[in-house]
Each structure stands twice: as structure tokens, then as C-alpha cells.
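Colleague: For reference, the structure I am asking about is given below.
Coordinate-derived values only; no laboratory data. Fair warning: this is a prediction, and the values are worked out from it, not measured in the lab. Quick reminder, even Gly has a Cβ in these numbers, built from the backbone with ideal geometry, and neighbours come from all protein chains shown.
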Amino acid sequence: MGVIEKMDKADFPGKIHETAGGGIVLSKLDDVINWARSNSLWPLTFATSCCGIEMMSVASAKYDFSRFGFEVARATPRQADVIIIAGTIVNKMAPVLRRLYDQMADPKYVIAMGACAISGGPFFYNTYSVVKGADHVIPVDVYIPGCPPRPEALLHALITLQGKIKAGLTREQIKESSYLNP
Amino acid sequence: MLNEDLKLKLTGILPLISFEEGGEWLNVIVPSEELKSFVLRLRSGPDLMMDYLFCLTCVDWKTHFTIVYHFSSTRYRHNIVVKAKIDRTNPEIETVSDIWRTAEMLEREVYDLFGVKFLHHPDLRRLIMPDDWEGWPLRKDFEDPVNMIRL
């Protein structure tokens, strides 16, 4: 009767004791919750410009983010777990984005997709109307550069977000333990 | 109608006009005080039937503004571009919203971003910018020290 540290298929956190009729699973409840949570993230259908087209491409058959548990795109923030800021945020959109974020139930995650969401964009930064980075409005977990980012880059960001959730740390804890503050 | 034929016809209507060459469409430059009667003729004349105003914009040349009208005829399928030069310090031009209703919104947009007054417009308010916004953001000399850096 051996103890398997990690199952070969899934990255289940904890130990599995195999017995004749099944098995015994040992783990921390927090780890199991984070593990479950990270594999079923429901994105909000929110896009403000061309990155939205790329996001739709990732949602559809060719790239298919449902392989990683993102398939249940919700049109209401009350049922969404993650908001992908796909596009330019203008000053008039900023309060709407803030309200959407506030309406999402905890725990909630934010991905800033593309140059506009990171810094105001490669073209629109020097105008009267554009917010210079969505993190002026809401806190961001994962940034993806690109204009727009490749679909693979968005998938990478989604997987990075899952890794972040599985690590079990809050945004603030990660920031504190980062290489900037060793 | 071909551009050459249009050119002859338009010169017959108003000899004051001049033309710009080079584009796909015929560019007509009209004195701003003659604009209203000229475009009314474009709309109502059975030979031209410019019943569709598909674009109305403004260009800031730093010395003056140019109001640019793009017209099309859904019957004859010909297009022309009409340009009118106006004063930059006191930008005013007659509205065309009584001829093409769509100009109501287009002129409000130009007013919103360039501060051009369209005389006799039924409802000249800001369209996109907040109601308490000050300044005309698409003018070349517009400055916003909070959001913009000077290039």
C-alpha cells in the first residue's frame, strides 16, 4: 500500500493513499478549495476594443480556453470570477469598470490584457480621454503585454492566474514576497 | 455621373468654387457663406440628388478650420466632398441639419470636439464629452496638463 505524492494526471494538492477498494486522500482544506477554484474560473464577457476580438478567438474552437476551465463566460458580474480587461479604458468607462468589479463576488481576479489595459496603449496614451492603465481603477493580478496579445499569450496568462490561485497567496502577500522586496 | 461631368455641372451652379485633384472623389471648395445655398441645390436638384450626407467632420489647420461634408446620391451613386474654410477665432457656419437630419448629431459632435458654432442648429449641446467639460479637445492647441504631455 504505497503513498502517491502526486497523481500522474491531475496536480491534486495532497497525498493519496491507495487501498484495495479505492483510496484515502489527505490534504489541507484550503489547498483543495484553491485547487477547485482555480480550475473553474468564470470570466466576465467584457471587452472594450480590439483585444476583445482576440479574447473571442481564445474562447472559440481553435484556442478554446474551456480546456482550462474558463468556458462559462458570464454576462453578469455577479456570477463572474475573473474579469479580463480586453481593451482601452477611457475616462467615461472607468466608473463603469469600477462598478463591474465591485459587483463581482469575492474571490475575484483581474487580468489586464494588452498595452491599453496595462498603460493606456501604444497609440492612445497622450490624449484627454484615456486612463493610463486599468490598475488606476481596479487592482490587477496578471498583465499580458501585446497589441493585441497572441491567443497563446492570453492562455498563458490564464494559466498563470491559476498558478497564482493554487499558490494560495493573496495579491498583497505575493507582492510582499516578490523579488522586489526580498 | 463621372467626376468630370460633376465638375462641369457644379461650376455651372456656382462659378466661385474651386476643385482639389488627386482623390477618388471630387473635392469641391466652397466659400462658407455660399455653402448653405450650394448644398441645398445639391440635395434638391433632380440632376444631382445628393440625398445622403455620410460624413461631416472638421479639420484644424492651425490657421483656420475646414468643415468637410461627404455627400452621396443613393439614386445616381455618385459622391462628392464639399469643403468650407472658416475662421478659427470665431468659428461659425450655417447648419445643414434642416436638409439632412443626420447632420444634427454630426454637427453636435463637431461642436463638442472643435467648438464650431452651427447657426440655427435646433439643439447644439455637447454630445460625447461630459456636460461640465471645458475646452475643445480636438483642437491642435488643446492642452490638458493632467492627462497629456506636450510633444
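Colleague: Tally Lys/Arg at +1 and Asp/Glu at -1 over every other residue whose Cβ is under 15 Å from the Cβ of residue A:146; what's the total? All intermediate terms of the calculation are to be shown ahead of the outcome.
Modeller: Values: positive: A:150; negative: A:54, A:152.
For residues surrounding residue A:146, the net value is -1.
Colleague: If a helix is a whole DSSP H run, which ones in chain A reach 15 Å or further along their own axis (Cα) and hold a mean Kyte-Doolittle hydropathy of at least -1.0? Can you show the working numbers first?
Modeller: On the way: long enough: A:151-167 (24 Å, 0.52).
Counting only whole DSSP H runs, the qualifying helices are A:151-167.
Colleague: Across chain A, where is the longest run that never hits GluC sites (Glu not before Pro) in a DSSP loop with at most 15 other C-beta atoms within 10 Å? Each step should come with its number before you reach the end.
Modeller: On the way: sites that count: A:5, A:71.
Free of exposed loop sites, the longest segment is A:72-182.
Colleague: What list of ³J(HN,Hα) couplings, whole Hz, do you get for segment B:66-72 from phi and the Karplus terms 6.51, -1.76, 1.60, once you set θ to phi - 60° and write x for glycine and proline?
Modeller: Whole-Hz 3J(HN,Hα) from phi for segment B:66-72: 10, 8, 10, 10, 10, 10, 9.
Colleague: What are the trypsin sites (Lys or Arg not before Pro) within segment B:49-98 that DSSP puts in a loop, where the Cβ has at most 10 other Cβ atoms within 10 Å? Show your work: numbers first, answer last.
Modeller: Values: sites: B:62, B:75, B:77, B:83, B:85, B:88; in loops: B:62, B:75, B:77, B:88.
Answer by residue number: B:62, B:77.
Colleague: Only loop residues by DSSP count here, and only those with at most 16 other Cβ atoms within 10 Å; note down the GluC sites (Glu not before Pro) in segment B:94-143 that meet that.
Modeller: Values: sites: B:94, B:104, B:107, B:109, B:134, B:143; in loops: B:134, B:143.
Answer by residue number: B:134, B:143.
Colleague: Okay, next question. Restricting the count to DSSP beta bridges whose residues both fall in segment B:3-119, what percent are antiparallel, rounded to a multiple of 5? Mind dumping the intermediate values first?
Modeller: Numbers: 19 of 28 bridges.
Just about 70 percent of them are antiparallel.
Colleague: Using the Cα atoms of the protein assembly as shown to build a convex hull, what is its mean projected area in square nanometres?
Modeller: Working: hull surface 100.8 nm².
Across all orientations, the protein assembly as shown yields a mean hull projection of 25.2 nm².
Colleague: Chain A: longest stretch without exposed trypsin sites (Lys or Arg not before Pro) (DSSP loop, at most 15 other Cβ within 10 Å), sites themselves excluded? Can you show the working numbers first?
Modeller: Working: sites that count: A:6, A:9, A:28, A:62, A:92.
It works out to A:93-182.
Colleague: In the structure displayed, which of A:15/A:166; B:62/B:85; B:9/B:62; B:9/B:36; A:62/A:108; A:92/B:83 lie more than 22 Å apart, Cα to Cα?
Modeller: B:9/B:62; A:62/A:108; A:92/B:83
Colleague: Based solely on its DSSP helices, what 222 nm [θ] is calculated for chain A when runs of n ≥ 4 H residues each add -39,500 (n - 2.57) and the sum is averaged over all residues, nearest 500 deg cm²/dmol? Don't skip to the answer; put the middle values down first.
Modeller: Working: 6 runs with 58 residues, N = 182.
Theoretical 222 nm ellipticity from helices: -9000 deg cm²/dmol.
Colleague: Let me ask something else. When only DSSP loop residues count, what GluC sites (Glu not before Pro) in segment B:1-86 have their Cβ near at most 16 other Cβ atoms within 10 Å? Numbers along the way, then the final one.
Modeller: On the way: sites: B:4, B:20, B:21, B:24, B:33, B:34; in loops: B:21, B:24.
Here the GluC sites (Glu not before Pro) that fit, given the DSSP loop and packing criteria, are B:21, B:24.
Colleague: If you bin every alpha carbon distance in chain B into 10 Å steps from zero, what whole percent lands in each bin?
Modeller: 10, 39, 32, 14, 4, 0
Colleague: Check the straight Cα-Cα distances from residue B:140 and name the aspartates and glutamates below 14 Å, setting aside those fewer than 8 residues away within the same chain.
Modeller: B:60
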